[in-house]
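The values are calculated or read from the model by the stated rules, or taken from the named source; none is laboratory data. No experiment lies behind these values; they were computed from the predicted model shown. Here the Cβ positions follow ideal geometry from the backbone for every residue, glycine too, while neighbour counts run over all protein chains shown.
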Amino acid sequence: MFALTGIGHLVTNDETVGQGKLGVLQDVALVANDAGNISWVGKQSELGSHFDGKPIDVGGRAVIPGFVDSHTHLVFAGDRAREFESRMQGKPYAAGGIKTTMAATRAASDDVLAANVARLASEALASGTTTLEVKSGYGLSVRDEARSLVAAKTATSETTFLGAHVVPPDTNADDYVALVQGEMLDACKGNAKWIDVFCDRGAFDVDQARAILQSGAAAGLGMRIHANQLQQGGGVQLGVELGVASCDHCTHLSQQDIDALSGASANTVATLLPTAELCTRSPFPDARKLIDAGVTVALASDCNPGSSYTSSMPLVIALAVINMGMTCDEALWSATVGGAKALRRSDVGNLRVGSRADMVVLDAQSHIHLAYRPGVQQVRAVIRGGKTVFGSL
Ligand SMILES: [Zn+2]
């Protein structure tokens with residue numbers, strides 16, 4: 001059991017208890033129980049009847065829910081610094097760069113893959129991410145996808161089978177789609193909660209994506225899709241048609257895509273990944289238009305060695321506010337509740353009584369500073385399941 005006092009600004013994400021969309025409370029205390037869940041939030045003067053130990057005083061700092069990063073690719077080996085350098089010299093991003101990482105991943109041992117996941121998961125934790133989705137997708141063979149998911153599972157229960165990332169070199173696309181739906185799915189489904197397909201130029205078309213997602217769903221996996229990152233296409237509308245938990249990227253959308261997402265907002269989230277646009281010098285998705293149309297928007301890092309080699313959710317939030325027209329409140333909501341909805345979770349992404357005690361103590365008076373002071377480390381401590389897992393209090 002532990003208690004925090006002196007919370008100057010608490011984001012609960014519960015509109016029924018606090019101000020605005022983020023349910024902000026001021027000058028409060030919070031108690032977590034031994035099971036790692038929030039058991040009480042209220043006025044500091046009333047703490048005594050809910051907690052009898054020594055509380056930790058956070059000195060007026062802001063406390064926010066831990067970030068829920070619902071889209072990462074942490075299972076890989078090697079890096080692509082040279083490719084990044086050449087892209088910054090003017091070469092455009094193409095999905096084919098994935099094949100470079102495939103070769104390095106296939107050559108790496110299980111221990112090397114797990115160590116890479118652990119390294120990046122702890123980097124994410126240090127910037128405030130307490131829930132992480134991790135995809136396979138750089139093995140692209142039955143053996144290497146299966147062991148990629150074993151590595152993913154060492155860091156999270158939110159694991160995603162992305163055998164359909166690209167068609168590996170020297171492979172017939174139809175044969176590969178059949179392999180993903182058959183033998184590869186069978187080898188991977190035991191360690192995967194989700195199935196995902198990269199439905200875009202240079203990857204898989206709508207019919208292939210539909211077939212793969214439906215096979216995954218038949219095997220008991222939840223569905224998600226990479227859609228409309230590189231150009232307009234049928235990915236988003238396919239995602240809505242199938243009722244996927246999240247359509248990710250949503251960079252190039254038609255009005256019909258936006259209408260489809262807004263009609264499905266209770267079921268299908270649009271997850272925006274602005275560091276992918278930042279790192280490829282591409283136009284940012286129009287978050288303002290999506291939110292104004294009633295679409296549920298999540299923000300995630302897309303952490304991967306090619307197009308977005310960052311795990312920083314504070315950076316994602318700053319881009320969303322500064323470059324994508326989101327308000328400070330909307331961006332934090334999308335990086336917490338939005339991510340949780342993209343994973344169909346309600347126990348994380350908020351600080352309601354009964355939810356996980358996953359939170360970030362900021363070296364700032366409010367969450368506004370996340371966007372106001374881009375690039376500055378403002379995470380003082382990270383608490384997950386009621387335990388301090390980064391920093392100190
Ligand atoms: Zn991705």
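The figures follow:
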item	result
Candidate set: region 301-315, residues that are in contact with a Cys (Cβ under 9 Å, 6 or more places away or on another chain) and closer than 20 Å to Ile64 by Cβ; chosen: the one surrounded by the fewest Cβ atoms within 10 Å (Cβ to Cβ)	Thr310
Filter pass, Asp196 being closer than 17 Å to Gly139 by Cα and within 16 Å of the ligand (Cβ to nearest atom)	yes
Thr275 part of a helix (DSSP H, G or I), out of contact with any His (no Cβ under 7 Å at 6 or more places or on another chain) and within 14 Å of the ligand (Cβ to nearest atom)	yes
Checking Cys303 against (1) over 21 Å from Gln377 (Cα atoms); (2) within 16 Å of the ligand (Cβ to nearest atom), the condition it does not meet	(1)
Candidates Arg210, Arg224 - the one that is modelled with pLDDT of 95 or more, within 15 Å of the ligand (Cβ to nearest atom) and assigned by TED's automatic domain parsing to the domain that holds Val134	Arg224
Residue count, region 69-94 (criterion: away from the ligand (no atom under 16 Å from the Cβ) and not in a helix (DSSP H, G or I))	7
Of all residues making up region 209-233, the number that are crowded, with 24+ Cβ neighbours inside 10 Å and not in a helix (DSSP H, G or I)	6
Residue satisfying condition, being away from the ligand (no atom under 16 Å from the Cβ), outside any helix (DSSP H, G or I) and among the acidic types (Asp, Glu), within set Asp52, Asp144	Asp52
Filter result for the condition that a residue is at pLDDT 95 or above, touching a Cys at 6+ places or on another chain (Cβ under 9 Å) and under 24 Å from Phe390 (Cα atoms), over Asp69, Asp27	Asp69
Count of residues meeting criterion [of a type outside the set (Gly, Ala, Ser) and buried (at least 20 other Cβ atoms within 10 Å of the Cβ)] in region 350-371	10
Extreme residue, modelled with the lowest pLDDT, among residues of region 75-123 that are closer than 16 Å to Glu277 by Cα and of a type in the set (A, V, I, L, M)	Ala95
In region 278-300, residue nearest to Arg119 (Cα to Cα) [restricted to those that are surrounded by fewer than 24 Cβ atoms within 10 Å (Cβ to Cβ) and either within 14 Å of the ligand (Cβ to nearest atom) or of a type in the set (S, T, N, Q) (or both)]	Cys279
Within region 150-192, tally of residues that are in contact with a strand residue (DSSP E or B) (Cβ under 7 Å, 6 or more places away or on another chain) and within 16 Å of the ligand (Cβ to nearest atom)	11
Residue, surrounded by the fewest Cβ atoms within 10 Å (Cβ to Cβ), within region 324-335, restricted to residues that are in a helix (DSSP H, G or I) and among the aliphatic types (A, V, I, L, M)	Met324
Top-ranked residue of region 377-391 - restricted to ones that are in contact (Cβ under 8 Å) with a residue 24 or more places away in the chain and among the hydrophobic types (A, V, I, L, M, F, W, C), ranked as surrounded by the most Cβ atoms within 10 Å (Cβ to Cβ)	Ile383
Restricting region 234-272 to residues that are more than 16 Å from the ligand (Cβ to nearest atom), part of a loop (DSSP other than H, G, I, E, B) and not aliphatic (A, V, I, L, M), the residue that is surrounded by the most Cβ atoms within 10 Å (Cβ to Cβ)	Thr268
Some residue of region 121-133 being within 30 Å of Gly391 (Cβ to Cβ), within 16 Å of the ligand (Cβ to nearest atom) and surrounded by fewer than 22 Cβ atoms within 10 Å (Cβ to Cβ)	no
Selected residue (only one of Ser392, Ser312, Ser301 is under 19 Å from His252 (Cα atoms) and among the polar types (S, T, N, Q))	Ser301
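Residues checked against (1) part of a helix (DSSP H, G or I); (2) over 26 Å from Val28 (Cα atoms):
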residue: Ser311; (1), (2): no, yes
residue: Ile322; (1), (2): yes, yes
residue: Ser346; (1), (2): no, no
residue: Gly354; (1), (2): no, no
residue: Ala371; (1), (2): yes, no
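Each row is one residue, and each column tells you yes or no for (1) of a type outside the set (Ser, Thr, Tyr); (2) within 30 Å of Gln377 (Cα to Cα).
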position	(1), (2)
Thr100	no, no
Ala103	yes, no
Leu113	yes, yes
Leu120	yes, yes
Ser127	no, yes
Asp144	yes, no
Ala155	yes, yes
Thr159	no, yes
